[in-house]
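Quick notes on the structure that follows.
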Amino acid sequence: MRKVVLSVLAACAALAAATGAGAATKKPSVSYAEDVAPILQSRCVSCHQTGGEGFEKSGLDLTSYEGLIKGTKFGPIIVPGDTQTSNLVVLLDGRADKSIQMPHGTKKKLSTCDRDTIRTWIHEGAKNN
């Protein structure tokens with residue numbers, strides 16, 4: 001009986017390995033180019049580019065990955081891998097003073113989905129991918 005049980009277990013393990021069952025599924029990473037940049041382009045770049053009010057006040061240029069990673073004239077806005085201390089997340093989540101929350105003024109807050117995308121990207125290391 002023990003040989004039968006072991007044979008069945010071995011067969012199941014072989015089948016699982018062959019079909020990929022039981023393998024750890026890896027969630028696709030968030031892409032700067034495909035996921036984050038379009039959010040920034042549609043919601044943030046109008047103010048955070050050369051000549052824009054947000055750029056003039058903070059120095060934050062969101063027209064490129066390099067500008068985002070460079071941060072503001074006050075310091076970094078992103079700490080790769082750390083969403084808790086990344087100022088971008090604090091600003092987008094409304095955890096900053098009302099005068100500097102983003103988007104600024106009467107503009108509608110980014111959706112939870114968009115904020116989660118940015119948060120996941122930062123958590124994954126804020127790569128230029």
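Is one or more of the residues making up region 102-114 farther than 17 Å from VAL45 by Cα and of a type outside the set (Val, Ile, Thr)?
Step one: list which residues in region 102-114 are farther than 17 Å from VAL45 by Cα, which gives 112-113.
From what's left, of a type outside the set (Val, Ile, Thr): 113.
Yes: region 102-114 contains one or more residues that are farther than 17 Å from VAL45 by Cα and of a type outside the set (Val, Ile, Thr).
Being surrounded by fewer than 15 Cβ atoms within 10 Å (Cβ to Cβ) and at pLDDT 95 or above is the filter here, so list the residues in region 81-91 that pass it.
GLY81, ASP82
Can you find a residue in region 88-105 that is closer than 13 Å to ASP35 by Cβ, out of contact with any Lys or Arg (no Cβ under 8 Å at 6 or more places or on another chain) and hydrophobic (A, V, I, L, M, F, W, C)? Break it down into steps so the answer makes sense when it comes.
Going through region 88-105, the residues closer than 13 Å to ASP35 by Cβ turn out to be none.
The answer is no; no qualifying residue exists.
Identify all residues within region 70-91 that are outside any loop (DSSP other than H, G, I, E, B), under 19 Å from ARG119 (Cβ atoms) and not polar (S, T, N, Q); write none if there are none.
Listed by number, the residues that qualify are LEU88, VAL89, VAL90, LEU91.
Give region 103-129 a look and list any residue that's polar (S, T, N, Q) and either assigned to a loop (DSSP other than H, G, I, E, B) or farther than 25 Å from GLU53 by Cβ (or both), or say none.
To start, the set of residues in region 103-129 that are polar (S, T, N, Q) comprises 106, 111-112, 117, 120, 128-129.
Once the filter is applied, which keeps residues that are polar (S, T, N, Q) and either assigned to a loop (DSSP other than H, G, I, E, B) or farther than 25 Å from GLU53 by Cβ (or both), region 103-129 yields THR106, SER111, THR112, THR120, ASN128, ASN129.
Of the residues that make up region 57-72, is at least one without any contact (Cβ under 8 Å) to a residue 12 or more places away in the chain, surrounded by 12 or more Cβ atoms within 10 Å (Cβ to Cβ) and among the charged types (D, E, K, R)?
Within region 57-72, one or more residues are without any contact (Cβ under 8 Å) to a residue 12 or more places away in the chain, surrounded by 12 or more Cβ atoms within 10 Å (Cβ to Cβ) and among the charged types (D, E, K, R).
Does region 37-50 hold any residues that are of a type outside the set (Lys, Arg) and within 19 Å of LYS107 (Cα to Cα), and which are they?
Going residue by residue through region 37-50, those that are of a type outside the set (Lys, Arg) are 37-42, 44-50.
Answer for region 37-50, where residues must be of a type outside the set (Lys, Arg) and within 19 Å of LYS107 (Cα to Cα): ALA37, PRO38, ILE39, LEU40, GLN41, SER42, CYS44, VAL45, SER46, CYS47, HIS48, GLN49.
I'd like the full set of residues that are over 13 Å from the mean Cα position of the chain (by Cα) and either over 18 Å from ILE100 (Cβ atoms) or of a type in the set (Asp, Glu) (or both), limited to region 50-66.
So the first thing to find is which residues in region 50-66 are over 13 Å from the mean Cα position of the chain (by Cα), and the list is 50-64, 66.
Correct list: THR50, GLY51, GLU53, GLU56, ASP61, THR63, SER64, GLU66.
Among the listed residues GLY94, GLY67, identify the single one that is out of contact with any Ser or Thr (no Cβ under 8 Å at 6 or more places or on another chain), among the small types (Gly, Ala, Ser) and not in a helix (DSSP H, G or I).
Working: GLY67 fails: not in a helix (DSSP H, G or I).
Within the list GLY94, GLY67, the selection yields GLY94.
The values are calculated or read from the model by the stated rules, or taken from the named source; none is laboratory data. This one's a predicted model, so the numbers in the text were calculated from it and none came from an experiment. All Cβ positions, even for glycine, are placed from backbone atoms using ideal geometry, and neighbour counts span all protein chains on display.
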